[in-house]
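Working notes, beginning with the structure itself.
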Amino acid sequence: LSTDDIDLIILSGGINDVNLRNIFNPFYSERELFEEAETHCYGKMRDLLLYTAQKFKNARFIVPGYYRVVS
């Protein structure tokens, strides 16, 4: 199996780096939360997607949204 044979990749991540305890902590500032989300859910995910897209040139990518933490 080579990287050319892979046609679908599903990547999910970021929220575990932000940490649910921080999201629900009333003393964790909105600014801190925004910075964590931007770093992990945008920046690091973007880097991972760019790296993976270079390795798996024939693949389509799915980055699913997160489930509702509270409904």
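Each stretch of four or more DSSP H residues adds -39500 (n - 2.57); spread over every residue of the chain, this sum gives -10000 deg cm²/dmol at 222 nm.
Normalising the Debye intensity of the chain to I(0), with uniform scatterers on Cα atoms only, and taking log10 at q = 0.18, 0.20, 0.25 Å⁻¹ returns -0.76, -0.85, -1.11. Qualifying chymotrypsin sites (Phe, Trp or Tyr not before Pro) in segment 34-71, where qualification requires a DSSP coil assignment and no more than 12 other C-beta atoms within 10 Å, comprise Tyr66, Tyr67.
On the protein heavy atoms, probe 1.4 angstrom, tell me the percent of accessible surface of the chain carried by carbon and sulfur. Answer for the chain is 55 percent, counting heavy atoms of protein chains only. Split the chain at each of the trypsin sites (Lys or Arg not before Pro) in a DSSP loop with at most 10 other beta carbon atoms within 10 Å, and the longest piece is 1-56.
Once the Cα atoms of helix 45-55 and of the chain are each reduced to a long axis, what angle between those two axes, in degrees from 0 to 90 to the nearest 10, is obtained? Rounded to the nearest ten degrees, it is 10. If R0 is taken as 25 Å, the Cβ-Cβ distance between Val63 and Glu35 corresponds to a FRET efficiency of 0.75.
The values are calculated or read from the model by the stated rules, or taken from the named source; none is laboratory data. Keep in mind that what you see is a predicted model, and the values were worked out from it rather than measured. We place every Cβ from the backbone using ideal geometry, glycine too, and count neighbours over all the protein chains shown. SASA here: full protein model, heavy atoms, side chains in, ligands and nucleic acids out. Shrake-Rupley method; radii C 1.70, N 1.55, O 1.52, S 1.80 Å.
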